[in-house]
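Have a look at the structure below, then the notes.
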Amino acid sequence: MPELRPLVTGDAPHVLAAFHSDPAMSRQGEVSDLSTAEAYIRAATDTGAGRLAFAVDVGGSSVGLVGLSIDRANRVGWFFYWMHREHRGRGLMTTAARTAADWALAPTDQSGGGLHRLELGHRRNNPSSGGVARAAGFIQEGVEREKFLIAGARVDVLTWGRLRDDPVPSGGRMMINTKETLL
Ligand SMILES: CC(C)(COP(=O)(O)OP(=O)(O)OC[C@H]1O[C@@H](n2cnc3c(N)ncnc32)[C@H](O)[C@@H]1OP(=O)(O)O)[C@@H](O)C(=O)NCCC(=O)NCCS
């Protein structure tokens with residue numbers, strides 16, 4: 001069964017494979033070989049800097065990631081995700097993102113992350129990312145018009161947020177294995 005567990009340095013070959021699976025992954029960071037994959041994992045899991053990353057684990061292989069970058073003073077987390085191209089389109093990330101968002105917003109005395117708000121953004125021409133956000137309980141809050149210049153064209157970014165008290169989304173969850181604390 002797929003599960004969420006902490007991303008570790010040993011996941012570097014899988015992170016590298018995911019970045020090689022789709023040229024669009026270059027927007028998620030600079031990963032071109034094992035050493036840059038390890039550096040990516042170190043940065044994504046640097047808890048001192050408020051970073052936390054879950055691997056979406058299928059049969060012991062990390063095929064995707066849900067990451068958080070925490071603003072502790074405000075109890076806000078920037079939320080992001082990606083999947084290896086071959087594993088997309090099966091609703092795996094939808095379930096993973098929903099599970100991770102529930103955990104991040106749950107109270108610390110219920111072993112949750114204790115955050116008040118999660119936020120994310122994605123390009124307007126990336127509708128599957130919006131589908132994941134909506135299914136994970138995020139509500140669209142705004143549009144950052146023509147924010148990015150991609151291949152000569154200006155592209156809008158849609159911004160989304162989920163508050164601790166927003167309706168909990170229906171749908172499946174997966175096992176989440178973490179002892180992390182965010183605050
Ligand atoms: C974004 C990403 C993680 C989505 O993962 P995925 O496995 O492809 O997601 P799915 O195909 O299961 O689609 C997720 C949702 O979007 C919906 N969706 C997919 N394609 C869609 C489209 N063209 N239009 C509208 N909705 C769409 C699906 O129906 C699904 O919603 P549901 O679960 O309610 O049915 C993946 O495409 C990816 O890694 N992209 C590169 C990195 C990235 O862009 N990350 C987002 C920035 S935070």
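The values are calculated or read from the model by the stated rules, or taken from the named source; none is laboratory data. None of these values were measured; they are calculated from a predicted model. Cβ placement follows ideal geometry from the backbone for every residue including glycine, while neighbour counts extend to all protein chains displayed. All accessible areas refer to the heavy atoms of the entire protein, side chains included, with ligands and DNA or RNA removed. Shrake-Rupley method; radii C 1.70, N 1.55, O 1.52, S 1.80 Å.
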- Message: Give me the three principal axis extents of the range 86-183 from the C-alpha atoms, as integers in angstrom, largest value leading.
- Response: 48, 30, 23
- Message: Leaving out ligands, DNA and RNA, and with a 1.4 Å probe, what % of the accessible surface on the chain is carbon or sulfur?
- Response: 50
- Query: the range 1-15 to the range 118-183: how many Å between their Cα centroids?
  - Reply: 22
- Message: Order 111-124, 23-36 from most to least packed using the mean count of other Cβ atoms within 10 Å.
- Response: 111-124, 23-36
- What Kirkwood hydrodynamic radius, in Å, does the chain give when the mean of 1/r is taken over all pairs of distinct Cα atoms and then inverted? 16.6
- Message: If you filter the range 48-94 for chymotrypsin sites (Phe, Trp or Tyr not before Pro), then keep DSSP loop positions with at most 10 other Cβ within 10 Å, what is left?
- Response: none
- Query: When all protein chains stay in place, what accessible area (Å², nearest 10, 1.4 Å probe) is found for His20?
  - Reply: 120
- Probe 1.4 Å, heavy atoms of protein chains only: per residue, the accessible area of the chain in Å² is 51
- Query: Where does the charge balance sit around Ala97 when Lys and Arg score +1, Asp and Glu -1, over other residues with C-beta under 11 Å from its C-beta?
  - Reply: +3
- Summing Lys, Arg as +1 and Asp, Glu as -1, what charge do residues with Cβ under 13 Å from the Cβ of Ala12 carry, Ala12 excluded? -2
- Query: Under a Cβ-Cβ cut-off of 11 Å, what is the net charge of the residues other than Glu180 that fall near it, where Lys and Arg count +1 and Asp and Glu count -1?
  - Reply: +3
- Note on the structure: With the 8 Å Cα cutoff and a minimum separation of six or more residues, the range 83-152 has a relative contact order in percent of 27
- All Cα pairs of the range 1-105, percent lying beyond 16 Å: 55
- Task: Give the relative contact order (percent, whole number) for the chain; include only Cα pairs under 8 Å separated by 6+ residues.
- Result: 21
